[in-house]
1. Report the Rg/Rh value for segment 257-332, based on alpha-carbon coordinates and the Kirkwood definition of Rh.
2. Give the Cα extents of segment 126-196 along the principal axes, in whole Å, largest first.
3. For the pair LYS126 and LEU214, how long in nm is the line joining their label points, each one 7 Å along Cα→Cβ?
4. If you wrap a convex hull around the alpha carbons of segment 90-229, what volume per residue comes out, as a whole number of Å³?
5. How big, in percent, is the set of alpha carbon pairs in segment 188-326 lying more than 28 Å apart?
6. Roughly what percent of Cα-Cα pairs across segment 244-292 reach past 15 Å?
7. Find the all-direction average of the projected area of the Cα convex hull for the chain, expressing the result in square nanometres with one decimal place.
8. What does DSSP give for the chain in terms of the percent of beta bridges that are antiparallel, rounded to the nearest 5?
Amino acid sequence: MAIVKLKSKPKVAFITGITGQDGSYLCEILLENGYEVHGLVRPSAQRQQSLSRPLRDGVTLHAGDMCDLGSLIQILSSIQDIGEIYHLAGQSHVGLSFQMPLSTSDTNALGTLRVLEAMRILNLDKTTRFYNAGTSELYGCDMPAPQTEETPFYPVSPYATAKQFQYWTTVNFRDAYGFHASNGILFNHESPRRGTTFVTRKITSQVALIACGLSESFELGNLNAVRDWGHAKDYMRGVHLILQQPEPGDYILASGTAYSVRQFVEAAFQIIGVNIEWSGTGLDEVGIDSVTSKVRVRVNRKYYRTLENETLLGSAAKAKRVLGWQPKYTFRALVEEMVLSDIRAVRSGRIFAHTPLDLD
Ligand code: G4F
């Protein structure tokens with residue numbers, strides 16, 4: 001007797017922020033797992049170009065905006081059997097949020113409420129799981145390290161206060177309306193796809209320009225800031241696992257190791273065989289090539305934050321225990337991948353020396 005295998009229907013997911021670093025990795029993971037993927041893009045966002053052609057072929061993009069409830073309702077109601085919503089969109093630059101607190105809150109805080117409200121209006125609460133992109137910026141200064149899911153929040157930027165609203169709104173929709181709604185509290189996660197306004201990619205792209213003889217030096221802000229840096233690809237695997245749990249919950253994803261911005265600079269230069277020595281203090285500190293004595297890094301006050309979260313270090317013990325999540329990249333492997341990718345980008349003309357924005 002011939003056995004007829006019925007093809008199961010693919011899972012359907014919707015990603016807000018699909019054109020960003022995290023969205024693009026998550027999209028690839030979902031496609032690898034056989035999902036039908038839909039993504040939200042702002043009509044003006046040229047960044048949809050950054051989704052490579054083969055990737056775009058497997059994805060349906062919808063034009064909409066986190067500030068427009070109507071478009072969110074229209075899009076969500078047009079997607080059949082949507083099972084998972086990954087809400088990653090938002091204004092993600094902490095420094096910029098001090099200059100644009102209102103629009104940051106509108107996009108991030110109210111934007112999240114709009115997605116959840118759209119789900120509630122469309123009765124998606126019983127059928128569709130929701131993931132909210134939380135952040136280590138929820139924690140304040142001088143918190144005991146490592147931070148866990150039990151560590152109290154004390155946000156110190158407009159970005160982080162908006163994220164606090166997102167976090168609790170997600171919890172509230174879970175408790176009040178019974179949504180399968182989860183938060184990921186992600187510590188800094190980087191990759192060659194990171195924007196150059198974030199410190200890691202700023203450093204690796206500038207080191208690549210120096211390696212190729214197209215720049216002499218670059219400027220940074222607070223070299224003493226300590227961050228727990230992991231690879232975005234690892235973290236998006238974790239995010240996918242969070243929504244596969246039968247019960248919703250809140251999970252930290254972190255590497256459990258912390259390095260200062262100064263150490264990131266040293267590690268990036270080591271990849272191109274340059275040893276950096278530091279001289280001076282505060283705004284007068286410089287990073288010098290120990291062989292040629294050339295100054296490669298200077299400090300500029302304009303890159304300092306109005307208020308700074310000096311040290312962040314997370315414990316992903318819960319995610320490891322419950323989700324079975326384990327990051328694969330080491331700090332050194334992350335830095336190496338970013339520097340080598342940026343050197344290739346410089347050589348092929350995709351990165352060129354530029355005048356950085358004040359916010360870089
Ligand atoms: O790379 P950053 O701009 O990232 P930050 O502020 O930690 O936030 C990032 O990670 C969070 C956690 O995942 C996300 F929620 C958030 O959306 C974003 O993705 O800055 C890292 C550190 C800061 O302490 C900053 O003051 O580097 C310090 N820094 C020193 N010089 C600099 C610079 N940051 C930038 N962007 N540019 C500089 O020249």
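1. When Rh is taken as the Kirkwood radius, the ratio is 1.10.
2. Ordered largest first, segment 126-196 gives principal extents of 37, 31, 23 Å.
3. According to this spin-label approximation, the distance is 5.7 nm.
4. Working: hull volume 18.8 nm³, N = 140.
In segment 90-229, the Cα hull volume divided by residue count equals 134 Å³.
5. Details: 2733 of 9591 pairs.
Above the 28 Å cut-off, segment 188-326 has 28 percent of its Cα pairs.
6. Values: 729 of 1176 pairs.
Every Cα pair in segment 244-292 considered, those over 15 Å come to 62 percent.
7. Values: hull surface 81.0 nm².
In nm², the orientation-averaged hull projection of the chain is 20.3.
8. Values: 9 of 44 bridges.
The answer is about 20 percent antiparallel.
Read the figures in this text as sums done on the coordinates, not as results from a lab. Only a predicted model underlies this, so the values are computations on that prediction, with no experimental measurement involved. Using ideal geometry, Cβ is built from the backbone for each residue, glycine included, and neighbour counts are taken over all protein chains shown.
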